[in-house]
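One structure is given here, and the rest of the page talks about it.
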């Protein structure tokens, strides 16, 4: 079957995915354990909030292993449009886990704020927050590059989550400094700040991945770019109909073009194939279906 043969897995892309999964899972496990120990030793609400976020990172990392593996499978009879919608589904799972972490973080911080807070002593375990920020910075840079290579929504969400973790770890660290040198309530205040960063990341992730899951179409700028690409193929007289929808992170394009009515079947077939090739060469397009109709002067 032609449509199955044309959409075999990309070995190079799959290798990038595997490296990203290993880096994400190993890094998040290391950080969750380290932050958990620091939280236990210091009793900091900000640290507890940051630990909750790291635990959710571990859980979504495990979800990514399954979801991305399934998403890169080629089309088959059960999923003729491919399995790529599983990838934004993973992104949505990541968002849910982040939201749970944000809720737990803000709940703990508010409770500590109401009951009063004690100054958190600055000691050696607290330095792990700076180490965490450094590790997450490295993870952000690496995963962001991999997201660009694969055009992966789940890896983009993961990169954004890593950047958010850098900022929240620094917020937790400065909250501890503030509780010691300025006022104890700055620690739970930093915990609230951590929560707000988490919820901000959740909003962006949900917005992007729901677009892919619900079959949203290309925006007007991209629509015009697709039409211009098709019109630029020699022999095409006009594009009079174009629909697009996301099946996962890329578009499926359904297009009607006008060709000269006197053209032979071989010529029509050759031109339509060139239009398909031009559209599928666009990084935003996964596949294209072209219907041909005669052009009337």
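Annotations
- Residues within segment 206-219 that are over 16 Å from residue 86 (Cα atoms) and surrounded by 15 or more Cβ atoms within 10 Å (Cβ to Cβ), tallied: 2
- Residue that is surrounded by the fewest Cβ atoms within 10 Å (Cβ to Cβ) [pool: residues in segment 220-253 that are modelled with pLDDT under 85 and part of a loop (DSSP other than H, G, I, E, B)]: 248
- For beta carbons closer than 9 Å, sequence separation of 6+ or different chains, a first residue in segment 281-294 that is free of Cβ contacts under 8 Å to residues at least 12 places away in the same chain and a second that is buried (at least 18 other Cβ atoms within 10 Å of the Cβ), the qualifying pairs are 281/229.
- When the helices (runs of 4 or more DSSP H) confined to segment 1-98 are screened for residues that are assigned by TED's automatic domain parsing to the domain that holds residue 196, modelled with pLDDT of 75 or more and surrounded by fewer than 16 Cβ atoms within 10 Å (Cβ to Cβ), those reaching at least 1 such residues are found at 11-42, 45-71.
- Single residue of 200, 223 found to be without any contact (Cβ under 8 Å) to a residue 40 or more places away in the chain and under 21 Å from residue 170 (Cβ atoms): 200
- Among residues of segment 267-297, those that are in a strand (DSSP E or B) and within 15 Å of residue 228 (Cα to Cα), counted: 3
- Hey, residue 231 in contact (Cβ under 8 Å) with a residue 24 or more places away in the chain and under 30 Å from residue 264 (Cα atoms) or not: no
- Criterion violated by residue 258 - all others in (1) under 26 Å from residue 152 (Cβ atoms); (2) out of contact with any helix residue (DSSP H, G or I) (no Cβ under 7 Å at 6 or more places or on another chain) satisfied: (1)
- Hey, residue 168 more than 11 Å from the chain's Cα centre (by Cα), assigned to a helix (DSSP H, G or I), assigned by TED's automatic domain parsing to the domain that holds residue 23 and surrounded by 19 or more Cβ atoms within 10 Å (Cβ to Cβ) or not: yes
The values are calculated or read from the model by the stated rules, or taken from the named source; none is laboratory data. Not measured: the values here are computed from a predicted model. Virtual Cβ from ideal backbone geometry, glycine too; neighbours counted across all protein chains shown.
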